Amino acid sequence: MLVAVIVAVFLIAVGLGVLLATVGGRNEVPSVLGLSYKEAAGKVESKGLSIEIDSLQDSSGDCSRLKVEEQDPKPGAGADSDEVVTVRLKGLRDIPLTRETNNSQPSSQPAAQGSQEQPEAGQPAAQPATAGHTVCLDPGHSNRSGSEIDPSTGLNVGDNSGASGELQTMWDLATKAKARLEQAGYTVRLTKGGANEYASLRTRADIGNTCNVVVRLHFDDTGFTGVMRAPVNAARCPASDPSRATVIDTGVANESNRLAADLATSLGLSVRDDTGGSSQGNGTPPGHPTALIGSVLSRVPVVCVENRVSLVLNNPTGQDQVADRLLQGINSYFQGH
């Protein structure tokens, strides 16, 4: 009898633990760092989640015994039951993406000038996806920190220096991506003139709004494996004045999500909304939500790429890969129009 009572209490405790872990349809992401992929898969799937290997890694062989060195989302994060935990495995090489592959045209486009089909009489010649499109690249952060209140919205549009090495790394990545985009036929504008130049989030948004799309480039040094962030819906400031709000247009938000999906596919990242547009940033004065990446000030499709530090920091080859894949994703977006 005593044994039966103990077993019953144990089962109740287990059930309660599962209920608390999944309250509101959310699960807690377990830590799988250091586990083999096989062990990690079992642990993740026991939480009702899915697992996959980073698409930038060559996972064509037997990966079951390889150890997990990075995971996204991070341990302890809340996750919906259908969310995927992406892992990077130690010992797997990144899949190279050659410039020739990125610059290749879809099968409907001629392979060479001499083989172009002539349009019918009176019909305009087909234009490439790049024709007439301007891309804004926003290399993350500036060389000083502090608040700067935008008088037209009340938002804190001040920037900061970001993580260690982020300023120079994102500038290097932006210049590489700019060269590839321009070679492909795009017009490219940068939000600042050098790695150490200051530009507020208001300035960045105003420059971006003169372009067709905006891609903001960042990295995260907290072990985060990288995502595409689509824009927030709105920011309101001051908190006591509900009439002063900056709202993302529905069409802009939808196109931002489509741009994020195309870029995420080429970069091997997941897509999430950026929730920071109505939050308080470091040093933000009371009642002044920060514009964060400036998404709430955008009037054109805008996304933020949080790159993996290991792929871009002090890694020119990794930067080249990301720049190639940015071109690929932007091509996909404009070819879909």
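Descriptive notes on the structure:
- Counting neighbouring Cβ atoms within 10 Å and putting the fewest first, the residues VAL84, VAL213 line up as VAL84, VAL213.
- Order of ARG308, ARG272, ARG204 - criterion: other Cβ atoms within 10 Å of each residue's Cβ, fewest first: ARG272, ARG308, ARG204
- Residues of type lysines that LYS192 reaches as a straight line, Cα spacing below 22 Å, ignoring anything fewer than 8 places off in the same chain: LYS176, LYS178
- Binned Cα-Cα distances of the stretch 25-95, short to long, each 5 Å bin given as a whole percent: 3, 20, 31, 23, 14, 7, 1, 0
- Highest mean packing first, where packing is the average number of other Cβ atoms within 10 Å per residue, the peptides 169-177, 131-139 line up as 169-177, 131-139.
- Summary of packing: across the peptides 55-62, 85-92, the per-residue average of other C-beta atoms within 10 Å ranks them, highest first, as 85-92, 55-62.
- Full-extension gain in nm, SER46 to THR265, via 0.36 nm per residue minus C-alpha separation: 76.1 nm
- Of the peptides 263-270, 158-165, the ranking by mean beta-carbon count within 10 Å, highest at the top, reads 263-270, 158-165.
- Centroid-to-centroid separation of the stretch 260-274 and the stretch 35-59 [C-alpha atoms, Å]: 19 Å
- Cα-centre dipole for the stretch 25-95 with unit charges at Cβ (Lys and Arg positive, Asp and Glu negative), debye to 20: 300 debye
- Within a straight-line Cα-Cα reach of under 23 Å, LYS67 can be paired with the following lysines, leaving aside sequence neighbours fewer than 8 residues apart in one chain: LYS38, LYS43, LYS47, LYS90.
None of the figures in this text is laboratory data; all of them are computed from the coordinates on show. All values reported here derive from a predicted model rather than from experimental measurement. Reconstructed Cβ throughout: ideal geometry from the backbone, glycine too, with neighbour counts over all protein chains shown.
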